[in-house]
Structures are given as C-alpha cells and as structure tokens.
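In what follows, a single structure is set out as structure tokens and then discussed.
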Amino acid sequence: MAIYREKDFAERRNAALEAKKALLDRFKSRPSEDDPEVIARRQEREAILAARAIRDQEREKARQEKLAREAAEKAERERLAEIARKEAEEQARLEAEARAAEERERLARQLAEEAEQKARRDARYAARKSRVGTRRTA
C-alpha cells in the first residue's frame, strides 16, 4: 500500500524551475525565422490562403450570378403573370359585355312581346267593344 507524502517547498520549487527550464529549452530549440523549413512552411500557408481567397471569390461570383439569374427569372415570371392577368381581365370584360348585350336583347324581346301582347289584347278589347256597340244599336 502506497503512502501519500506531501512535497515540501524545495521540491515544489525545483519542479517549477525544471518546468520553466524545459519550456525555455523548447523555445530556444525552435528554428529561427530565416530557417529554410520555416520559410517553406510560411510560403505553403500563404499559398493555401491565396487559394482559399480565390475559391471564396469564385464562390461569391457564382452566388452573385445565381442571384442575378434568379432575379431575372423572377422578373420574367412576374411579367408573364402580369400579361396573363391582363388577358384574364380583358376576357372577363368581354364576357361581361357579352352578358350585358344578351341581357339587353332579352329585355328588348320581352318588351317587344309585352307590347305585342298588349296590342293583341287592345285589339280584342276594341273588337269586343265594336261588337258590343253594334249589338246595342241593332
């Protein structure tokens, strides 16, 4: 069975100093900015960033073209819808005029029939009156 032993101040201080020393050694062992490997990695990253920027520009251009194409298609659909609406309105107007003309013709026929019936009725009344008037005198 293991017994836990607390570290004293000196051990903690030595451990911290060793950790700092290891960090410093790691930092110092890093290659300098003018090292060929560092320069090659930096150029590679710059090439990747440039390619990414070009792809982003192409993607944005394609998006703008798509938006413009969609806007043109929408405008064309709206123009066709407006033409169809105007044609439907014109058709409805013509149908309404035709119905109104038919109604006028029907009313004219009805009035003519009523006038003809009245004329026949008046003729019958006149004939009856003329017969009645001749019988009295006879």
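Descriptive notes on the structure:
- Here Ser29, Ser130 are placed in order of increasing Cβ neighbour count within 10 Å, fewest first, which gives Ser29, Ser130.
- Were the residues from Ala98 through Ala72 laid out at 0.36 nm apart, the gain over their Cα-Cα distance would be 5.5 nm.
- Degrees, to the nearest 10: 9-29 long Cα axis against longest axis of the chain: 70
- Remark: spin-label model distance Arg12-Leu107 equals 11.0 nm, labels positioned 7 Å along the Cα→Cβ axis.
- Isotropic mean projected area of the C-alpha convex hull, the chain (nm²): 31.6
- Positive-end residue of Ala10, Leu111, Ala53, charge dipole of the chain with Cβ unit charges: Leu111
- Between 0 and 90°, nearest 10: helix 36-137 axis offset from the chain longest Cα axis: 10
- When you filter the GluC sites (Glu not before Pro) in the stretch 22-55 for DSSP loop state and at most 14 other Cβ atoms inside 10 Å of their Cβ, you are left with Glu33.
No lab work stands behind these numbers, since they all come straight from the coordinates. Keep in mind that what you see is a predicted model, and the values were worked out from it rather than measured. Cβ sites come from the backbone with ideal geometry, for glycine too, and all protein chains shown count toward neighbours.
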